[in-house]
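> My structure is below; once you've seen it, I'll send some questions.
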Ligand SMILES: [Zn+2]
């Protein structure tokens, strides 16, 4: 959709990606039917996935996000629309004519960190066979969590700096409510959780459903490294006083 469209008032162009392989060998015209609502909505949100009537997934995007779209395909990682839409909204890319250099630079940096996170998450989840390292939950709900956090200086995106965790254990880990002893992988709880155990059946079931120690990948080279926990506890100095590390 381009900015000289004679029918629609389009403030910014939108690129549509379709699967060329679906059309390989086709003897008819190479055409892709667009959903008008999706197109117009993509102008505002900057990044949108929409299933066509024939079941094909079409991707609508701001031209500045083309590198991100290409990288996600090369790496075969899946990124949820709302993650990229939040970047578009936060960068100001969807305002004005879309040629704001500062906004483009913000999008470029955010895009590379999105791909980096997605690649890390995919590798960690695969190493743990899709199971939470703290409770074994699967059904596709598991996420890759950094031990030495991604926001810290020189945090490696290696599988040995990651844990596959279900959303509950991920948040509990991020908020320092659950800790792991580096030398034996045993799992421990902050007093905030332990004090609620007798009062809250939900907290009791969370603690009772958690392993006593981490379930780690079978391949030694993929297992969480002890020094990553040491770096984590040093980085979050004061947050783990309750854990005797
Ligand atoms: Zn879990």
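Every number in this text was worked out from the coordinates using simple rules, so none of it is lab data. Since the structure is predicted, the reported quantities are computational estimates derived from the model, not experimental observations. Neighbour counts run over all protein chains shown; Cβ positions are idealised from the backbone, glycine included.
> Taking Rh as the Kirkwood radius computed over C-alpha pairs, what is the Stokes-Einstein D of the chain at 25 °C in a medium of viscosity 0.890 mPa s, expressed in µm² per second?
The estimated diffusion coefficient comes to 118 µm²/s.
> Anyone know which of 28, 168, 218 comes out most mobile in the 10 Å Cα GNM of the chain?
Comparing 28, 168, 218 in a Gaussian network model of the chain, the most mobile one is 28.
> Looking only at region 31-71, which residues have a backbone nitrogen under 17 Å from a spot 7 Å from the Cα of residue 100 in the C-beta direction?
Residues 43-47, 62-65 fall inside that zone.
> Let me ask something else about it. Do you know the relative contact order of region 15-123, to the nearest whole percent, from alpha carbon pairs under 8 angstrom that are 6+ apart?
That works out to 25 percent.
> Considering just Cα atoms, how many Å³ per residue does the convex hull of region 9-145 enclose?
138
> Okay, moving on. Quick one: plug the Kirkwood hydrodynamic radius of region 129-235 (C-alpha pairs) into Stokes-Einstein at 20 °C, 1.002 mPa s, and report D in µm²/s.
Rounded, D is 151 µm²/s.
> A further question on this structure: Using the scaling law 2.2 N^0.38 Å as the reference, what is the normalised Cα Rg of region 89-137?
1.74
> Taking a virtual spin label 7 Å from the Cα of residue 28 along the C-beta vector, which residues in region 40-64 bring their backbone nitrogen under 13 Å of it?
Hits in region 40-64 for residue 28 at 13 Å: 54.
> Using alpha carbon coordinates only, what is the Rg to Rh ratio of region 71-196, with Rh defined as the Kirkwood radius?
That ratio equals 1.05.
> How high is the FRET efficiency between residue 7 and residue 109 when r is their beta carbon distance and R₀ equals 41 Å, given to the nearest 0.05?
0.70
> Mind pulling the angle between the C-alpha long axis of helix 81-91 and the longest principal axis of the chain? Nearest 10 degrees, somewhere in 0 to 90.
The angle comes out at about 80 degrees.
> Helix 226-235: angle to the longest alpha-carbon principal axis of the chain, degrees 0 to 90, nearest 10?
80
> Can you compute the FRET efficiency between residue 198 and residue 226 using 1/(1 + (r/R0)^6), with r the Cβ-Cβ distance and R0 = 35 Å? Round to the nearest 0.05.
Once rounded, the FRET efficiency stands at 0.60.
> Then there's this: Figure the gain on full extension for residue 218 and residue 74 (residue separation times 0.36 nm, minus the Cα-Cα span) and round it to one decimal in nm.
49.1 nm
> Let me ask something else about it. Provide the convex hull volume over Cα atoms per residue for region 33-110, in Å³.
Each residue corresponds to 93 Å³ of Cα convex hull volume.
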